[in-house]
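Here's the structure, in structure tokens; my notes come after.
The values are calculated or read from the model by the stated rules, or taken from the named source; none is laboratory data. Keep in mind it's a predicted model, so treat the numbers as computed, not measured. When we count neighbours, we look across all protein chains shown, and the Cβ atoms used for this are built from the backbone with ideal geometry, even at glycine. Each accessible area value is taken on the protein alone, full model and side chains, heavy atoms only, with ligands, DNA and RNA left out. Shrake-Rupley method; radii C 1.70, N 1.55, O 1.52, S 1.80 Å.
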Amino acid sequence: PDSKDEALAYWGTPNMAAEIERVARMGASIVSPSKDVGDGILVAVIADPEGNRIGLIENPHFKVPPA
């Protein structure tokens, strides 16, 4: 399928650089490197070893309340 027709789930991370390093050690490859899409929000797309694409997002405006 054409990539514009595929749904992409995003995994939130508080540190994009560290997350990209972590998933790369587990065998992921970078499809689209980290980029700022505005207001300090970073996004990237990786592919797992089977080729499944997963988005990564670092959004400094999103805070998870403590458990």
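At-a-glance table
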| item | result |
| --- | --- |
| Acute angle (nearest 10 degrees) that the helix 16-25 long axis makes with the longest principal axis of the chain, alpha-carbon atoms | 40 degrees |
| DSSP beta bridge pairing in the chain, given as percent antiparallel to the nearest 5 | 80 percent |
| Average accessible surface area per residue within the chain, 1.4 Å rolling probe, Å² | 73 Å² |
| Debye, to nearest 20: dipole size of the chain, +1 on Lys, Arg Cβ, -1 on Asp, Glu Cβ | 180 debye |
| Computed over the chain: relative contact order in percent, which uses C-alpha pairs under 8 Å that are six or more apart | 34 percent |
| Summed residue charge, Cβ within 15 Å of Ala18's Cβ, Lys/Arg positive, Asp/Glu negative | -1 |
| Net charge over other residues, Cβ less than 13 angstrom from the Cβ of Ala47 (K, R count +1; D, E count -1) | -2 |
| Carbon plus sulfur fraction of accessible area for the chain, probe 1.4 Å, in percent | 57 percent |
| Dipole of the range 1-66, positive end: most advanced residue of Ala17, Ile54, Pro65 [Cβ charges, Cα centre] | Pro65 |
| The chain, helix-only ellipticity at 222 nm - DSSP H runs n ≥ 4, -39,500 (n - 2.57), divided by all residues, nearest 500 | -4500 deg cm²/dmol |
| Evaluated over the chain, the Cα radius of gyration and Dmax, each in Å | 12.6, 40 |
| Selection of GluC sites (Glu not before Pro), the chain, meeting DSSP coil and at most 16 other Cβ within 10 Å | Glu6, Glu50 |
